[in-house]
Structures are given as C-alpha cells and as structure tokens.
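Please read the structure below before turning to the comments.
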Amino acid sequence: MQVTGSTTDPLAGDLYALVVFLHKNCNADLFEAVGELDLSLTQVKILHYLEETDRDLTVKDLAELVPVSLPAASRSVDELFRRGLVDRNEDTEDRRMKRVRVTGAGRSVTLRLNSARLIGLERLTADLAPGDRDALTQALAVLMTREEIAACRPIGVTT
C-alpha cells in the first residue's frame, strides 16, 4: 500500500512498511476470531479500553475514547452487557450515569483476540534465519527500554 506522507525519515518509512505488512499478513487469525465472536470494532475497542483500566468508565467516557456517538456507545455497551462481557451499574453520585467494567468473560475475549494477533507474529518470526532473528531482537531491545512498549509484552514473555 503506497501512501504519500510528509515524512522524509527513512526509519519512519521503514516502520510504516513493517506495520502495513503486519496488518496485511498477520491479522487473519485476529479477523477470524472477531468474526467468530460476532463483535463490532466498536465493541472490541470498548473491551480493550475497559481491560486496560483499573477503574469503571462511564458510557460517555467510552464514547469519547472509541470515538463514537453517545447513543452508539450505549448500544454497544448494552449488547456487551447482554452477552455478559461487561457489567454496568448506576453511578453513586449521579444515577443518570452508568459505570461500566469488563467481566471475566470480557477479559477472556480480549485475551483470545490478543492471542490471535500473536499467532501471526509467531509465524513471521519462525521463518527468520537465526542471525536475522538475533539482529531483530537487538534492534527491538532499544524500543523495549520504553516502559509503555515493554508493558505490552505478552504475559510470560521476558527478555
């Protein structure tokens, strides 16, 4: 996929090419899982936002994060609630607001989707020659020093 961008940075261009390749070639398992679960992209995003936070979010918070209209967020939360993937409760201070949190079943869904993403990457890295694998590991080590990136490693994967 060609794109015209404002960057003249070859590194940014190469990272872009890698991201596009990964999206095109490593997401088949992810798309299959989303299809089997019969979830919309909005619902997937909501589950991921809820899983990443340690507090309940309001439907309004979710609408702003995703971003979608408040009615669209409300419909998505209603469906996730109906399927047992989220819990929702009235706000203790403002009963008009609903607070939402992911359930264990919802966490299982995000785990399944994240595992599906990892499968494609495992296939890609399995095909690398040992020297290329070592070089890529060393190059990624620079990025893994950033806490926000390292925090996204799969559970159980260490350096």
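Of the residues examined, residue 100 is not one that is in contact with a strand residue (DSSP E or B) (Cβ under 9 Å, 6 or more places away or on another chain), more than 26 Å from residue 152 (Cβ to Cβ) and surrounded by 16 or more Cβ atoms within 10 Å (Cβ to Cβ). Of the residues making up region 144-159, those that are in a helix (DSSP H, G or I) and either exposed (fewer than 10 other Cβ atoms within 10 Å of the Cβ) or modelled with pLDDT under 90 (or both) are 147, 148, 149, 150.
With respect to the conditions (1) outside any loop (DSSP other than H, G, I, E, B); (2) at pLDDT 90 or above; (3) exposed (fewer than 13 other Cβ atoms within 10 Å of the Cβ), residue 109 falls short on a single one, namely (3).
Cβ-Cβ contacts under 8 Å between residues 6 or more apart (or on different chains), taken from a first residue in region 17-28 that is surrounded by 13 or more Cβ atoms within 10 Å (Cβ to Cβ) and modelled with pLDDT under 85 to a second residue that is of a type in the set (Val, Ile, Thr) and in a loop (DSSP other than H, G, I, E, B), are absent.
Scanning region 53-75 for residues that are β-branched (Val, Ile, Thr) and either closer than 22 Å to residue 92 by Cα or touching a Leu at 6+ places or on another chain (Cβ under 7 Å) (or both), we see that the one that is surrounded by the fewest Cβ atoms within 10 Å (Cβ to Cβ) is 53. Among the residues of region 84-107, those that are more than 19 Å from the chain's Cα centre (by Cα) and touching a residue at least 12 places away in the same chain (Cβ under 8 Å) comprise 84, 87, 88, 89, 91, 97, 98, 99. Within region 29-43, the set of residues being loosely packed, with under 11 Cβ neighbours inside 10 Å and closer than 18 Å to residue 103 by Cβ comprises 38 only.
The residues of region 78-100 that are modelled with pLDDT under 95 and either in contact with a Lys or Arg (Cβ under 7 Å, 6 or more places away or on another chain) or aliphatic (A, V, I, L, M) (or both), listed by number, are 88, 89, 90, 91, 97, 98, 99.
Can you tell me which residue is surrounded by the most Cβ atoms within 10 Å (Cβ to Cβ) among those in region 76-97 that are of a type in the set (A, V, I, L, M) and in a helix (DSSP H, G or I)? Filtering first and then ranking leaves 80.
Give the number of residues within region 121-132 that are assigned to a helix (DSSP H, G or I) and either farther than 20 Å from residue 23 by Cα or touching a helix residue (DSSP H, G or I) at 6+ places or on another chain (Cβ under 6 Å) (or both). Before you say what the answer is, go through the steps one by one.
Pass one, region 121-132, residues assigned to a helix (DSSP H, G or I): 121-126, 130-132.
After this cut, where a residue has to be either farther than 20 Å from residue 23 by Cα or touching a helix residue (DSSP H, G or I) at 6+ places or on another chain (Cβ under 6 Å) (or both) as well, the list is 130-132.
Summing the residues that are assigned to a helix (DSSP H, G or I) and either farther than 20 Å from residue 23 by Cα or touching a helix residue (DSSP H, G or I) at 6+ places or on another chain (Cβ under 6 Å) (or both) in region 121-132 gives 3.
All of 50, 136 fail the test of being closer than 25 Å to residue 23 by Cβ, touching a residue at least 24 places away in the same chain (Cβ under 8 Å) and either surrounded by 11 or more Cβ atoms within 10 Å (Cβ to Cβ) or aromatic (Phe, Trp, Tyr) (or both), apart from 50.
The values are calculated or read from the model by the stated rules, or taken from the named source; none is laboratory data. Being a predicted model, the structure only gives us computed values, none of them experimental. Every residue, glycine as well, gets a Cβ built from its backbone with ideal geometry; the counts of neighbours run over all protein chains shown.
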